[in-house]
Amino acid sequence: MSSAPRAGGREPAQPFLSDIQELRRRAREHISQGAVTPGYQADRDTLIKLLNEALATEIVCTLRYKRHYFMAKGIHAEGVAAEFLEHSQDEQQHADQIAARITQLDGAPDFSPDGLATRSHAEYVEGDSLEDMIKEDLVAERIAIDSYKEMVLYLGEKDPTSRRLMESILAKEEEHADDLANLLEDLGSR
Ligand SMILES: [Fe+2]
Ligand SMILES: [Fe+2]
C-alpha cells in the first residue's frame, strides 16, 4: 500500500483487517509453541503464559470500556454508556477469575503496566464518536472470542478447570459482541 497510514497506523480503506491479522498471529504463536514442546512443566509454563495474555486482554478491555463509559456523549449516549459500564465490570471480573486461576497453578499473575498493551490480544482504542467506540469494542470482543476459542481447544483435556473457566468467559464475550452489534444497528436505524 502506497498511501501513508493515518495516526494509529491504520489504512483508511481497511479499517481493522491488518491489525486483527497481526493480533491473531500473535495469539496463535504461543499455542503452536505449546503443541511442539513436550513435558508437563513446559505445558504448564505455556498455560500460565497464555493465561497471563488473557489477563492482559481483560485489563485492557476493562480500561477501554471505562474510557468509553466516561466519554460517551450525545443524545443516544445514555443507554450505550450503561452498556459500556456493565461490560467494563464484566471484564474486571474476568481479569480477577483468570488471576485467581494463575495463582492456583502456582504462577504469578502479571499486572505490570509495562508491556500491558503488548501482552493483550485486544487493543486500547479510544474512538472519536459513540459509533467509533462501539465499533472498536466490537473488534476487541471478536479478537478475544477468537483467541479464547483457540485457548479452549489447546486446553482440551490438559487442564479441564482452566478450560471451563475460559469457556465461561468466552460465552460472556459472545454476549458482549452481540450487545454491541445490536447497539450499532440501533444507532444506524435512528
Ligand atoms: Fe472479558
Ligand atoms: Fe467482553
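The values are calculated or read from the model by the stated rules, or taken from the named source; none is laboratory data. The shown structure was predicted, so the numbers you read here are calculated from the model rather than taken from an experiment. Neighbour counts are summed over all protein chains in view; Cβ atoms, including those assigned to glycine, are modelled from backbone coordinates with ideal geometry. The protein model used for the area step is the full one, side chains on, heavy atoms only, and it has no ligands, DNA or RNA in it. Shrake-Rupley method; radii C 1.70, N 1.55, O 1.52, S 1.80 Å.
Determine the sum of side-chain charges near residue 58: Lys and Arg each +1, Asp and Glu each -1, restricted to other residues whose C-beta is under 13 angstrom from that of residue 58.
Charge balance near residue 58 sits at -2.
Just by accessible area at a 1.4 angstrom probe, what is the order of 123, 150 from largest to smallest?
123, 150
If you roll a 1.4 Å probe over the stretch 69-190 with all protein chains in place, what percent of the accessible area is carbon or sulfur?
Of all accessible area on the stretch 69-190, carbon and sulfur atoms account for 49 percent.
Can you tally the net charge around residue 68? Count Lys and Arg as +1, Asp and Glu as -1, for every other residue whose Cβ sits under 12 Å from the Cβ of residue 68.
Summing Lys/Arg as +1 and Asp/Glu as -1 gives -4.
With the Cα gyration tensor of the stretch 97-190 giving a ≥ b ≥ c as the square roots of its eigenvalues, does the rule (a/c under 1.5 for rounded; else a/b larger than b/c for prolate; else oblate) give rounded, prolate or oblate?
oblate
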